[in-house]
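Notes follow the structure.
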Amino acid sequence: MKKIGILTSGGDCQGLNSAIRGVGKALYEQFGDNVEIYGLVDGYHGLIEGEYKLMSPRDFSGILTIGGTILGTSRQPFKRMRDVDENNVDKVEKMKKTYKKLGLDCIVVLGGNGTHKTANLLSEEGLNVIGLPKTIDNDIWGTDMTFGFYSALNVATDVIDRIHTTATSHGRVFIVEVMGHKVGWLTLYAGIAGGADVILLPEIPYNIDSVIGELERRTKSGKKFSIIAVAEGAVSQEEAGLKKKEFKARRAAMTQPSISYRIADEIKEKYEHEIRVCVPGHFQRGGSPCPYDRVFTTRLGTSAAQLIAREKYGYMVALQKNEIVPVPLSEVAGKLKVVTPDCNEVITAKQMGICFGD
Ligand code: F6P
C-alpha cells in the first residue's frame, strides 16, 4: 500500500484544485486500491499539527474548475521552521512525526518559493517530497512557468482592458497596480497584453521624470489618456540605491496605501491631469483556472504521480521547453526567477514604444 500526503501551501491561486485532482486521479490510475491519499489541512500547518483527512476518489471529482483549494492553505514562514514550542520541539520535528505516524511514502507539496524552501529542508531531513510550482508571480526558479500565472494574467489584463474604456472616455491617466510580490512578470505580461503605455517593475527601477516625460509626450501627440501598469513591488531609482534597512524605513514612513498611490502623487506634483488608481488585489488570484492552467496542472499532477511510481523523490516537477521535467528541490530552494531588463518580453515592449521609466 502506497501512502501519499498532499498539501497546498502559501497564497492560494487558480489551479490548485485541478493540480490536486491531477495528482489524485493519476495515483488511483497508477495504484488502484493500493494507494491511500491523505490531505493535510491548511498547508504545512496540517503536517505540523497532525491535522489531515483520508481522501477518497470522490474527493478528486468535480474540482477541476473550482478556485481556491479544497485542502485549505496557510503561510508558514521558512524562517520560523526551527522555532520551538513549549516542549522544545521545532516544526520540522513535528512534521517528521506526523509523516512517520501516517507511514507516508511521500508528501506532495503545491506551493511557491517559501513552500519549496521548506520542501527542500524536509527532503534533507530524510522525507520523500515532490513539489509542484504554484504562484501567480511566476517567480520560481527552474521552471519556465508556474500554475496560476496565466489565470491571474487573464484577470489583470481584463482589468486593464476595462480601465481603458474609462481612461479614453474621460481622458484620464490610470494607474493599475498588479500583484507579483517582488517580481514583475505578471505586470510585464498584463501590461503588454493590455496595451499599457508605461510599465513599472521592481527589476527596472523608475525615474518619475522619465514617466512624466512619457505622459507629456503622449499629451503633445494628441493622446488624452495614458495607462500605467505598476507592479506592487515597483521601486524608484533612488530607492534601489538604498540599503535594505533604509529602504524598509522609507516604505514604513510612506503615507500612501501602496506604491501606485505614491506614484500618482509624484506625477501630480509635476503633471496636471486627472489621475486615478485601480488596485484589483486578490481578484487576480480568485475564481476558476483558465484552460492553460487546467492542462498545465493536469500535466504536473500526473508527472508527480509518475515520479512517485518510480520512487524518484526530492524533485519539483517543472516546465522546461514545454516538457515536464524533474528539477532537484536543492536547486530550486532559495532562488528567485526575476525579470531581466534584457529579456525578450522587455525588449519587445520597448520596441513597441512602451516606457519603463528607466
Ligand atoms: O505570491 C502571491 C501573492 O499574491 C503576491 O503576488 C502578493 O504579493 C502576495 O501573494 C499577497 O499575499 P497575501 O494573500 O498574503 O496578502
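Results, tabulated for the structure shown:
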{"item": "Karplus 3J(HN,Hα) series, Hz, for region 80-91 with 6.51 cos²θ - 1.76 cosθ + 1.60 (x for Gly, Pro)", "result": "9, 5, 9, 5, 9, 8, 4, 9, 6, 10, 8, 5"}
{"item": "Reach of LYS53 by Cα under 18 Å, taken over aspartates and glutamates that are not fewer than 8 positions away in the same chain", "result": "ASP33, GLU36, ASP42, ASP105"}
{"item": "Sorted by Cβ neighbour density within 10 Å, fewest at the top, the residues ILE212, ILE48", "result": "ILE212, ILE48"}
{"item": "Leading residue at positive end of dipole, region 190-300 (Cβ point charges), from GLY195, TYR261, GLN284", "result": "GLN284"}
{"item": "Alpha-carbon centroids, region 332-352 and region 95-134: separation in whole Å", "result": "30 Å"}
{"item": "Calculated from backbone phi, Karplus (6.51, -1.76, 1.60) coupling profile of region 297-311 in Hz, x at Gly/Pro", "result": "5, 5, 5, 5, x, 5, 5, 4, 5, 5, 4, 4, 4, 8, 6"}
{"item": "In Hz, Karplus ³J(HN,Hα) per residue of region 278-287 (6.51, -1.76, 1.60; θ = phi - 60°; x = Gly, Pro)", "result": "10, 10, x, x, 6, 3, 5, 9, x, x"}
{"item": "Among beta bridges that DSSP assigns inside the chain, antiparallel share in %, nearest 5", "result": "25 percent"}
{"item": "Sequence-distant residues sharing a close amide H with THR135 (under 5 Å, placed H)", "result": "PHE147, PHE149"}
{"item": "Built amide H within the under 5 Å cut-off of TYR315, gap 5+", "result": "VAL129, GLY131, LEU329"}
{"item": "Cβ-derived FRET efficiency at R0 51 Å, ILE66 paired with LYS243, nearest 0.05", "result": "0.70"}
{"item": "Separation between Cα centres of region 212-280 and region 1-71, rounded to whole Å", "result": "42 Å"}
{"item": "Net charge over other residues, Cβ less than 15 angstrom from the Cβ of HIS116 (K, R count +1; D, E count -1)", "result": "+1"}
{"item": "For GLU36, residues with placed amide H under 5 Å, excluding near neighbours", "result": "LYS2, LYS3, ILE4"}
{"item": "Fully extended contour minus Cα-Cα distance, from LYS223 to ALA193, at 0.36 nm per residue", "result": "8.9 nm"}
{"item": "Ellipticity estimate at 222 nm from DSSP helix runs (n ≥ 4, -39,500 (n - 2.57)) divided over the chain, nearest 500", "result": "-12500 deg cm²/dmol"}
{"item": "Lys, Arg +1 and Asp, Glu -1 on Cβ, resulting dipole of the chain about Cα centre, debye, nearest 20", "result": "260 debye"}
{"item": "Order of PHE225, PHE283 under a 10 Å beta carbon neighbour criterion, fewest first", "result": "PHE283, PHE225"}
{"item": "Eligible aspartates and glutamates near LYS220 by straight Cα distance, threshold 18 Å, same-chain separation 8 or greater", "result": "ASP197, ASP209, GLU272, GLU274"}
{"item": "Cross-link partners of LYS248 among lysines (Cα-Cα below 16 Å; sequence separation of 8 or more within a chain)", "result": "LYS182"}
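Rule-based calculations on the coordinates, nothing more; no lab input. Note that this is a predicted model, so its numbers are computed, not measured. Cβ atoms come from the backbone with ideal geometry, glycine included; neighbour counts cover every protein chain shown.
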